[in-house]
Amino acid sequence: MANSSMIGSIVEPYAQALMSIAQNHDLTDKFGDDVRLILEMWESSEQLRSFLGNPLVNPDAKKGVLRQITQEGTDAYVQRFLFLLVDRGRIQFLDGVCQTYLALLRKLNQTVLAQVTSAVELRDEERTAIAERTQAMTNARHVEIETRIDPDLIGGVIIQVGSQVIDASLRGQLRRIGLALA
């Protein structure tokens, strides 16, 4: 747990600094979009994570790669922020910084994150229904839905909002029936 708190003590100030820059320039949502795209690239490319996280790679080479992947439409402040992470030797914490920035943005916009795990891809009307129920349950202004597919659920969904979990999956129902019979 000490490792987690150490990482938090590194990640939190950087995310707050990025939020401060965004608020000063009225770009919080734009930064959020940029951060989501960067996070998507980071999570989808093991090669990118290895390259940027390698301490033996020249910082200028890391900046060159970041410049290439953030060239189209990424705000200049965000790009310079990424360069700062490289200069300070903190680029390996990019995932945590981005996640923390998005959490700060959700708090600012009174948005809750609903993590939905389903057996199959959700249709638009199912996403809308989950968002409406989550919004009513939490009294949040907005709901952001993050989906995952888990075929082991058999059917139904598991919805997690903060520490609250609603298990409406067939696997969960079967488990509950098994416990009741035992």
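Values computed for the structure shown
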item: Test: residue in the stretch 156-163 that is surrounded by fewer than 12 Cβ atoms within 10 Å (Cβ to Cβ) and out of contact with any strand residue (DSSP E or B) (no Cβ under 9 Å at 6 or more places or on another chain); result: yes
item: Qualifying residue in the stretch 70-77 (condition: within 18 Å of the chain's Cα centre (by Cα), in contact (Cβ under 8 Å) with a residue 60 or more places away in the chain and closer than 24 Å to LEU27 by Cβ); result: no
item: Restricting the stretch 28-64 to residues that are among the small types (Gly, Ala, Ser) and loosely packed, with under 12 Cβ neighbours inside 10 Å, the residue that is nearest to the chain's Cα centre (by Cα); result: SER44
item: Residues of the stretch 133-156 classified as in contact with a helix residue (DSSP H, G or I) (Cβ under 9 Å, 6 or more places away or on another chain) and not charged (D, E, K, R), total; result: 9
item: Close pairs from the stretch 91-114: first at negative phi and of a type in the set (Phe, Trp, Tyr), partner in a helix (DSSP H, G or I) and at pLDDT below 90, Cβ under 6 Å, at least 6 apart; result: PHE93/ILE10
item: Answer from ASP167, ASP152 - the residue that is farther than 23 Å from LEU102 by Cβ, surrounded by 14 or more Cβ atoms within 10 Å (Cβ to Cβ) and not β-branched (Val, Ile, Thr); result: ASP167
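The values are calculated or read from the model by the stated rules, or taken from the named source; none is laboratory data. Keep in mind that what you see is a predicted model, and the values were worked out from it rather than measured. Neighbour counts are summed over all protein chains in view; Cβ atoms, including those assigned to glycine, are modelled from backbone coordinates with ideal geometry.
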